[in-house]
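This report concerns only the one structure given below.
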Amino acid sequence: MSEYLLARAADEKQHLASRAGYRRKYFTDDCFFDSRKFTLEMIESEKVVDIEQSVQEAKVITTYSVHIKGTTLTNRQRYHLKPLEESWLIEKAEMACLNCKGRDNDCVICKGKRWIHIIP
């Protein structure tokens, strides 16, 4: 997972660099739309906090933070991994419900599931 998190940050840096000319041509410096402005910060802050592992699967929970307009937003993600030879592949990713932060069985958003599937 540590290798994945580092590779994800490197990929995001490369992606942002490749978009710089496009951004300069069509957007002002302070336009937030389509900027991915806080994505790199979120990715770089992501840390593993818990791992549940069996022979057939692993679940890895991470936390991340983003600083927006003087406020720090934190949340958790949960990765479901499947083994492949001597490694693991991410099968799906979920984030803790933004409404209840994964703490409410009666939440109207996640319906008590506490996690929301991240759709690519």
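The values are calculated or read from the model by the stated rules, or taken from the named source; none is laboratory data. Because the structure is a prediction, the values reported are computed rather than measured. Virtual Cβ from ideal backbone geometry, glycine too; neighbours counted across all protein chains shown.
Pairing residues of segment 1-19 that are farther than 13 Å from residue 40 by Cβ with residues that are at pLDDT 95 or above and surrounded by 10 or more Cβ atoms within 10 Å (Cβ to Cβ), at Cβ distances under 6 Å and at least 6 apart in sequence or on separate chains, gives 1/48; 1/60. Checking each residue in segment 61-110 for being buried (at least 16 other Cβ atoms within 10 Å of the Cβ), part of a strand (DSSP E or B) and touching a residue at least 24 places away in the same chain (Cβ under 8 Å) picks out 62, 66, 75, 76, 77, 78, 79, 81, 88, 93, 94. Per the listing 84, 40, the residue uniquely farther than 19 Å from residue 9 by Cα and aliphatic (A, V, I, L, M) is 84. Among residues of segment 21-46 that are without any contact (Cβ under 8 Å) to a residue 40 or more places away in the chain, those with a Cβ under 6 angstrom from a residue that is among the aromatic types (Phe, Trp, Tyr), sequence gap 6+ or separate chain, pair up as 42/64; 45/64.
Scanning segment 23-42 for residues that are surrounded by 11 or more Cβ atoms within 10 Å (Cβ to Cβ) and in a helix (DSSP H, G or I) turns up 23, 39, 40, 41, 42.
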